């Protein structure tokens, strides 16, 4: 199959997946509970208020029509209105998403770097103490609830040692970097605001370590398994038999061959990363989409919950799509 | 003629969880220059392990535990940190850098499965670059290409295919690439480990033919490891028959086929189907080889041997020289 | 009448394509593993099927036991077409036609005792009570040389040697009293010193149980020792069929000639191989036009790339598909 | 080995653990063993010490009763082995016998519980049944499972460690209500958020609850949610995977697409959406989690079935006349179940972590029920004041429980699906 037709197929495959997802979320939020409007008001309200409430949110029309309105609105960026204050959810997303994105990007980089480094170390020392230690580290980090790790780090580095700040993204004593992308570290660099960069980076460190550490176990395991598998292959022995050095073989052969699975895993783990971000943000009062979602839960703001969930879903689909295409482009065995 | 390679009392052990198995047990072997030695035996007899230990590439968990592998170097072999001076060197005494300098440059190894012996992620020309750069970091890109073209052309692969990936080649072509890589630096010794076993009979004949031609052209000394005695009959000058990690008999090819001395060699030859003699009654050896983790005392062949005597069950027969420089390890030939 | 009659059988495997690609190109891509072959096997005969990997010989064997369903054509067994059989009828037919696999290790369930592996055949066919099945299994174990049966019955496959496993596979194949057994490379995975042991077992079983074999092997030297007739396949086609001695001593088809020349001979005094065909077997997705062997054939002439030769009878039970022998 | 003359001496023979030769052991193994044994003894004696001054007053008796149950199982197991050795029992009837012992013990425990403290309305009974069963299973695991696991080397030890941690946690939770020093629901048993002291060894919460009692008793909700969600996942995912992949065709493609879509979704976010709509409750939480993890089972089973279907020995069965259902139940199912068990074990850890996450974002149970997730959530508000103990102990408990399941899954994975051997 040619790369072009693969890309087309893959893009076409994403559409039914997103549709399925939208429908699924719609069913959960709008149909399962019966009447989300009634659910929103915990106590009894008078019928007129309820009716007006429904009308504003577009919940008064038949369910199928609601479904179509929702499908038609999405491509235009219409994620509906919040039940709490009737503001468009898309506005909140625009404001808060950069914070989440910044956190996830740094965490992913940290997780991949740490995971791959430890994985390589582990594979090179196969079945030795270091290998067992690193694998144990991977297993233990997998078993720690992300918010628990966040709290422990917060106590140690922020409260006891006063080394790093915590809570929110930026120090109120300084001017917030000018918004370009919404990601403070990038914005401050773009505007040449070094203080802003350092401050925002200091605020990022703890959440990034928290989220990244939880995730790095998977990359450790993946790198280790793939490297061991590659090092076991005939062509590695064949390369050794030709006099290539073991360092060269480890890094250019084994690591390079392990790179593609890692790429795939980055795509798969992006979803886990967003899920972890929800909890990390809440722990560190990081003003991203995750905290927004949790706040909306407390307010029983079901339309907002739906909007954020759908946004996350679409985001994941697109990231996976891009990585899949990248994979196909990089693997010589697929490119014919 | 002088010996290119002398193996003295070589013992290789595999330490597994179940126990220790001697893959190669006290083997002595001399290899004359410009000759082809066939190493034959059934699966698990240690012939591949023996070949690999010459390269110091015994697969994990195997380990050379004793003996010497002496190689006669006709000229100094430089490597990045020094020079191995000419004369006789013990391969087992070399350090990592030194043995790496010999691999590919003085000794080439061809593996059984061409499908897995080339790195699927890199192109064929990259394979050539790697081996040449490993032994001569200063070599020019141009020269690499030129030499690779020349070698591939000699093997019937058109030069424009040099920038293809391995998966774009058929099995026979890949094995030719492997041979080309092996001979790229004009080594003295070629160890071919079942080079045609995974190939079809026509391609097998083609490749054996090509190897024979290249041997003449490059003045190679060759060790051909195979279970197929038919292949050896046509190509080897001498044949060593192995069983349970020991050499049972070593004889010039014609003498071996005419009058095998060791009962095992005799039985093995009688079990080979011969397309030219359909009237030949095929025989077989009863029983199975002993488990090497629980070796039996004396000659390991004694439970299957029709001539087994009491001494066979207690004493390991030495490899002794009998008429005309033939070597045999059997108590039947004690008195000679 | 022949016991098995294969008439113009084809087996195409479709190559998986993307959704888009299948929309863009009309023509489906197929691997033509077997592309119109016909042959017959007489009762009590051993027909050898030889050829290189990719020639379609294993697919042919699998078609004959209906592990695969032919795309086209008929397989007449005892007067009945088994190519289209289904359900109960097919299950009953399976008692008569058996198959042995190349790799005895993977064709035995690693968790099943070998006795159970053999008696499973009876259980699957619903034959006999538990005691009867046990008795019959013991009999079969002894029959294939795994005696005493009681010491072998409870062993697991990994406790047996390669040769013993192949014996179990044969035991499983004969317990249903078949007439016709397709053996796919039965000695390819066993060591040379016990090859003859398996072949002896095969021939003993044939004599005692009146079996008919389709013996699939790439090893022509072995085939020469066991087969009565040999059919040579190339790229999904049969190129030559003849009695054993004729085909080895006087092969007609240029491919058969090349194949014979390439066989390694365990005799240092024998002549070296000569006139081995160039190149390698091409992909069966887009086989060459006309005679499929023509790009590699030393004798090819203008007719070969254009016209496909038919398998024609030259008398004496000899059939060749080559334009050199067009009258 | 079969020279036992009487049943008594035979049983006694099998009571001696089969441990292999001590001289062959490496020193690190012996040190490790000593650490494990001393550690376990310390924890057990601390637990018994706690039980002696329990709030219910009968804590120590509850523990003694469950140990008695384990002892009965131990003797029955030795008897079973003796009978099998003497060929009076087949392995099959041996296991039936053992199951019967378990059922009888369970029944006795129910009756004992009901008559001992009738006003507990069966909660004592369930504590006794669960506690006794868990200790019994641990005995079987140590006696019969250990030799099997030991053969597999380090993977065996990992699996063993994981399973023992899990069983220890389950046992602790099962008998917790009867051994804790204070009622974990009671407010104001001590000062608000006091640091660890003699009276409150782990300190108190912001509502004045005893943290030690809550830490011991707090696993119940999480375990219930985890067990329930894993059961739902398993009983939906496995049959669905089998059916879809075995039949193939459009149904398979459609189901796979749905499963892949769910799988690609951020799990916790989906669980949050579902749990938010379903409202609080053990069953609702379990369902929310189950939906997220069904695809893991489906995918593993599906890929396994597709592999197994092509195995030569399955083809051999087809040639022998096996029908589809023969193949599915006799060949495919036994081969894919080990993978499902591995997924299940890892899935327990996932379920526990997700449950904790749901509680953390405010979708948990009412605060009166002792739950590690809640204590952690509440404790997070006290963090800024440096009150570390409120979160540390419940958090550690979650980690240990999830770690137990992960270790068990990791070990079983290596044992049951051999991939990277030697």
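Computed values, structure above
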{"quantity": "Residue list for region A:1-33, restricted to those being touching a residue at least 12 places away in the same chain (Cβ under 8 Å), under 25 Å from the mean Cα position of the chain (by Cα) and within 11 Å of chain C (Cβ to nearest Cβ)", "calculated": "A:7, A:10, A:11"}
{"quantity": "Scan of region A:267-289 for residues that are within 21 Å of residue D:261 (Cα to Cα), at pLDDT 85 or above and at the interface with chain D (Cβ under 10 Å from one of its Cβ atoms), ordered by number", "calculated": "A:270, A:271, A:272, A:273, A:274, A:275, A:276, A:277, A:278"}
{"quantity": "Filter pass, residue A:156 being assigned to a helix (DSSP H, G or I), surrounded by fewer than 16 Cβ atoms within 10 Å (Cβ to Cβ) and within 14 Å of chain D (Cβ to nearest Cβ)", "calculated": "yes"}
{"quantity": "Within region A:110-153, tally of residues that are away from chain D (no Cβ under 14 Å), exposed (fewer than 15 other Cβ atoms within 10 Å of the Cβ) and either modelled with pLDDT of 90 or more or assigned to a helix (DSSP H, G or I) (or both)", "calculated": "2"}
{"quantity": "Top-ranked residue in region C:95-108 [being facing chain D (nearest Cβ under 10 Å) and more than 19 Å from residue D:331 (Cα to Cα); ranked as surrounded by the most Cβ atoms within 10 Å (Cβ to Cβ)]", "calculated": "C:98"}
{"quantity": "Single condition residue B:241 does not satisfy, out of (1) within 12 Å of chain C (Cβ to nearest Cβ); (2) part of a helix (DSSP H, G or I); (3) crowded, with 16+ Cβ neighbours inside 10 Å; (4) modelled with pLDDT of 90 or more", "calculated": "(2)"}
{"quantity": "Set B:267, B:308, B:329: member being surrounded by fewer than 20 Cβ atoms within 10 Å (Cβ to Cβ), closer than 23 Å to residue B:46 by Cβ and within 26 Å of the chain's Cα centre (by Cα)", "calculated": "B:267"}
{"quantity": "Within region D:103-127, tally of residues that are buried (at least 19 other Cβ atoms within 10 Å of the Cβ) and modelled with pLDDT of 90 or more", "calculated": "2"}
{"quantity": "Among (1) in a helix (DSSP H, G or I); (2) farther than 21 Å from residue B:31 by Cβ; (3) over 17 Å from the mean Cα position of the chain (by Cα) - the single one residue B:213 does not satisfy", "calculated": "(2)"}
{"quantity": "Residue match in region D:101-115 (condition: in a helix (DSSP H, G or I) and under 19 Å from the mean Cα position of the chain (by Cα))", "calculated": "yes"}
{"quantity": "Answer residue from region B:125-141, given it is in contact (Cβ under 8 Å) with a residue 40 or more places away in the chain and more than 9 Å from chain A (Cβ to nearest Cβ) and is farthest from residue B:170 (Cα to Cα) among those", "calculated": "B:137"}
{"quantity": "Filter result (touching a residue at least 40 places away in the same chain (Cβ under 8 Å) and crowded, with 22+ Cβ neighbours inside 10 Å) within region B:100-112", "calculated": "B:103, B:104, B:105, B:106, B:107, B:108, B:109, B:110, B:111"}
{"quantity": "Selection count where residues are within 12 Å of chain C (Cβ to nearest Cβ), in contact (Cβ under 8 Å) with a residue 40 or more places away in the chain, under 24 Å from residue C:190 (Cβ atoms) and not in a helix (DSSP H, G or I), scope region B:244-272", "calculated": "1"}
{"quantity": "All positions within region A:303-317 that are within 7 Å of chain D (Cβ to nearest Cβ) and either touching a strand residue (DSSP E or B) at 6+ places or on another chain (Cβ under 6 Å) or under 15 Å from residue A:24 (Cα atoms) (or both)", "calculated": "A:305, A:309, A:312, A:313, A:317"}
{"quantity": "Out of D:340, D:351, D:322, sole residue that is closer than 21 Å to residue D:241 by Cβ and outside any helix (DSSP H, G or I)", "calculated": "D:322"}
{"quantity": "Residue list for region D:373-399, restricted to those being more than 8 Å from chain A (Cβ to nearest Cβ), closer than 24 Å to residue A:138 by Cβ and surrounded by fewer than 23 Cβ atoms within 10 Å (Cβ to Cβ)", "calculated": "D:396, D:397"}
{"quantity": "Criterion: at pLDDT 90 or above, over 26 Å from residue C:3 (Cβ atoms) and either surrounded by fewer than 18 Cβ atoms within 10 Å (Cβ to Cβ) or under 19 Å from the mean Cα position of the chain (by Cα) (or both) - qualifying residue of C:116, C:81, C:138", "calculated": "C:116"}
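The values are calculated or read from the model by the stated rules, or taken from the named source; none is laboratory data. These numbers come from a predicted model, not from an experiment. Cβ: placed from backbone, ideal geometry, glycine included. Neighbour counts: every protein chain shown.
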